[in-house]
Amino acid sequence: METKTHVLTSAEVKKTETIIKNHVLIAMGFGAVPIPLVDMAGITATQISMISKLAAEYQIQFSHELGKTVLVSLLSGVGAQSLATGTLGSLVKAIPLVGSIVGAVTYSAVGGSTTYAVGKVFARHFEMGGNLLNFKASDAKSYFKEELDKGKDVVKSVKDTVKKPFTKKTESDTVEE
């Protein structure tokens, strides 16, 4: 059976990037939820939603159950370290006060970078003519790791952008009394 590459127009590429970026932001928001394991459920649901939207963009049939299955195979097969860090980040939130702060920062970053990598992996898979039935996590291992590193930079950029308005010095801050 011949695999057909799906070539996107520049507008479709931009839409795909927007889908991934929006879901990274949502995942980061869920990562900041102070309730252990609720954050994980939110990030997982966000990633499944993203895969669904990417599949629709590439005109690939999507099944929620199959989407969950391929996501779990990807994260358990190639994202195990990230998944373990994320689980620890989520569970740290159970420690009163300090745990909530540390866990929210950690899990927000892990959730965002992992979501970015998942989005890039599935966009590439769909672009190459793949679908949910022929996805093999082992084939995506090195690409996932590359994109996870890029995802960390994306998350840092988002955090810096959000932090900037709150850390800018105004003229009144610099006036000596």
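Things worth noting here:
- For region 116-121, Karplus couplings with θ = phi - 60° (6.51, -1.76, 1.60), whole Hz, Gly/Pro x: 4, 4, 4, x, 5, 4
- Solvent exposure, largest accessible area first (probe 1.4 Å, DNA, RNA and ligands not counted), of GLU57, GLU65, GLU127: GLU65, GLU127, GLU57
- Across region 11-26, rounded Karplus estimates of 3J(HN,Hα) from the backbone phi angles (6.51 cos²θ - 1.76 cosθ + 1.60, θ = phi - 60°) give 5, 5, 4, 4, 5, 4, 4, 5, 4, 5, 4, 4, 6, 4, 4, 5 Hz, Gly and Pro being marked x.
- Exceeding the 22 Å Cα-Cα cut-off - candidates LYS21/LYS120; LYS53/LYS156; LYS15/LYS141: LYS53/LYS156; LYS15/LYS141
- Rounded to whole Hz, the Karplus (6.51, -1.76, 1.60) HN-Hα couplings of region 140-148, x for glycine and proline: 9, 3, 5, 5, 4, 4, 4, 6, 5
The values are calculated or read from the model by the stated rules, or taken from the named source; none is laboratory data. Remember, it's a predicted structure, so these values are computed and weren't measured experimentally. Heavy atoms of the whole protein, side chains included, go into the accessibility calculation; ligands, DNA and RNA do not. Shrake-Rupley method; radii C 1.70, N 1.55, O 1.52, S 1.80 Å.
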